[in-house]
Amino acid sequence: MPELPEVETVKRTLNQLVKGKVIDRVTVNLARIIQRPDDIDQFAFMLAGHTIQGVERRGKFLRILLDGLVLVSHLRMEGRYGVYASSDPVEKHTHVIFHFNDGTELRYKDVRQFGTMHLFKPGEEFHSPPLNKLGLEPLDPEFTVDKFKEALRGKTSKIKAVLLNQAYVVGIGNIYVDESLFRVGIHPEQPANTLTDEQFRDLHQAVVATLSEAVEVGGSSIKSYVNGQGEMGMFQHQLKIYGRQNEPCVACGTPIEKTVVGGRGTHYCPNCQTLD
């Protein structure tokens with residue numbers, strides 16, 4: 001967490017809250033969050049005086065667009081942004097503060113301290129880590145069944161592990177892989193190269209539908225995720241398989257089982273998702 005729907009929701013929220021604001025100065029309280037440049041004073045100096053023109057998303061990364069710069073931000077497990085008045089008390093674990101010239105602040109808080117920020121000139125971000133090796137965008141109109149099959153073709157690993165690999169398709173994440181596979185009755189341990197054309201088509205549709213539905217309700221608040229306004233997502237109330245170990249399957253009543261695939265806790269119905 002957060003995964004594509006949550007990052008998309010944060011993107012939309014930040015566009016409402018900070019677009020057009022001018023950065024007066026930047027405070028960095030935890031140096032390791034800043035990955036590029038590797039000098040926090042240079043990072044702050046480069047951003048001072050720039051205007052936020054908008055926020056976009058690439059996979060699970062935010063791209064904060066400024067006049068002449070792009071800030072690439074990864075929230076990792078528990079990173080979150082919020083907009084505050086400069087007079088508001090600064091909460092614990094607030095690691096980066098963007099002070100605006102209107103008396104408000106964009107604050108980055110991260111309890112786990114795994115988040116990262118990279119600063120680039122526009123266009124450079126796509127040719128350097130962390131964005132240069134990302135796969136297909138599942139909510140992009142160009143994400144076709146053929147491109148999906150091409151990205152996964154020949155992969156002998158288990159389908160869940162393949163779908164979690166950001167080099168093939170970005171942003172689906174653990175929750176949404178489980179939900180997508182359940183929709184089409186594919187076992188998470190089925191080798192990707194054994195899927196039929198019909199299964200690829202159905203899985204493609206399931207991935208797009210699951211992510212789109214999650215975006216519409218602001219993502220899932222399983223642990224600590226909230227959007228830029230402090231609001232929880234609601235998709236966790238629509239989950240049919242994830243997190244429901246030992247509960248009856250909504251389709252057949254069989255108790256849902258949990259295993260580990262690709263190092264991630266994985267939920268599936270042993271009756272609806274048989275391993276061929």
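Here are a few things to note about the model shown:
- Lysines with Cα under 29 Å of residue 21, excluding same-chain neighbours fewer than 8 positions away: 11, 60, 92, 109, 121
- Taking amide H as placed 1.01 Å from N in the peptide plane, the amide H of residue 24 sits under 5 Å from that of 49, 99, 100, 101, each at least 5 places away or on another chain.
- Going by neighbour counts of Cβ atoms within 10 Å, the residues 45, 120 line up, fewest first, as 45, 120.
- √(5λ) per eigenvalue of the Cα gyration tensor, the chain, largest first, Å: 37, 20, 15
- Label-point gap, in nm, between residue 30 and residue 127 - each point 7 angstrom along Cα→Cβ: 3.3 nm
- Footprinting exposure proxy ranking of 128, 87, 180, fewest other C-beta atoms within 10 angstrom first, gives 87, 128, 180.
- Note on the range 1-70 and the range 240-260: Cα centroid distance 39 Å, given to the nearest whole angstrom.
- Order of 110, 202 under a 10 Å beta carbon neighbour criterion, fewest first: 202, 110
- Under 5 Å between amide hydrogens, built in the peptide plane, is the criterion, and for residue 261 it picks out 266 among residues at least 5 positions away or on other chains.
- The chain, relative contact order in percent, only Cα pairs under 8 angstrom and at least six apart counted: 18 percent
- About its Cα centre, the dipole of the chain is roughly 440 debye, where the only charges are +1 on Lys and Arg Cβ and -1 on Asp and Glu Cβ.
- Relative contact order (%) - the range 4-127, alpha-carbon pairs under 8 angstrom, separation at least six: 30 percent
- Virtual spin-label span in nm between residue 193 and residue 67, 7 Å along Cα→Cβ: 5.4 nm
- In this calculation the C-beta distance from residue 45 to residue 76 is compared with R0 = 30 Å, giving a FRET efficiency of 0.75.
Every number in this text was worked out from the coordinates using simple rules, so none of it is lab data. If you're wondering where the values come from, they're calculated on a predicted model, not measured in any experiment. Virtual Cβ from ideal backbone geometry, glycine too; neighbours counted across all protein chains shown.
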